[in-house]
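Scroll down for the structure; my scribbles are underneath it.
The values are calculated or read from the model by the stated rules, or taken from the named source; none is laboratory data. In this text the structure is predicted, and so the values were computed from the model without any measurement. Here the Cβ positions follow ideal geometry from the backbone for every residue, glycine too, while neighbour counts run over all protein chains shown.
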Amino acid sequence: MADHAHVQHHHDGHAGTEVAPAQTGAIWRTFIILSVITAIEFTLAYLMHAGTLRTSIFVGMTLVKAFYIVGEFMHLKHEVKSLIWAITIPVLFVVWLLIALLTEGSSIFQLR
């Protein structure tokens, strides 16, 4: 009597590599959003003079892109709100620390 408990599966080298159309649309939407933000950044880089305002805009847009990437590709936007806050609040404190260090660090160059 033949043993039918063991079923042999054929594994193709390309199995599981196709992306569903809904996922492809989300990937294209993400690509377009990030491209638009980057195009705005490049436009501002050429149109605005160097200064605190331009740097602040770049930092803000970079943070927006970073949070969007984390939300989309790391699937954070689908997580529990407490986990999102547990990640977001320390990041905001690190950004505040960097701003404070840059602001206070530049005072060394000012004559008293």
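Summary table below
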| quantity | calculated |
| --- | --- |
| Subset of region 64-99 [over 19 Å from TRP28 (Cα atoms), of a type in the set (Val, Ile, Thr) and part of a helix (DSSP H, G or I)] | ILE84, ILE87, THR88, ILE89, VAL91, VAL94, VAL95, ILE99 |
| Any pair with Cβ under 6 angstrom, 6 or more apart, that starts in region 62-89 at a residue that is within 14 Å of ILE33 (Cα to Cα) and ends at one that is polar (S, T, N, Q) and outside any loop (DSSP other than H, G, I, E, B) | GLU72/THR30 |
| Some residue of region 24-37 being in contact with a helix residue (DSSP H, G or I) (Cβ under 7 Å, 6 or more places away or on another chain) and not in a helix (DSSP H, G or I) | no |
| Qualifying position, being more than 25 Å from THR88 (Cβ to Cβ), at pLDDT 70 or above and among the β-branched types (Val, Ile, Thr), among THR52, THR30, THR43 | THR43 |
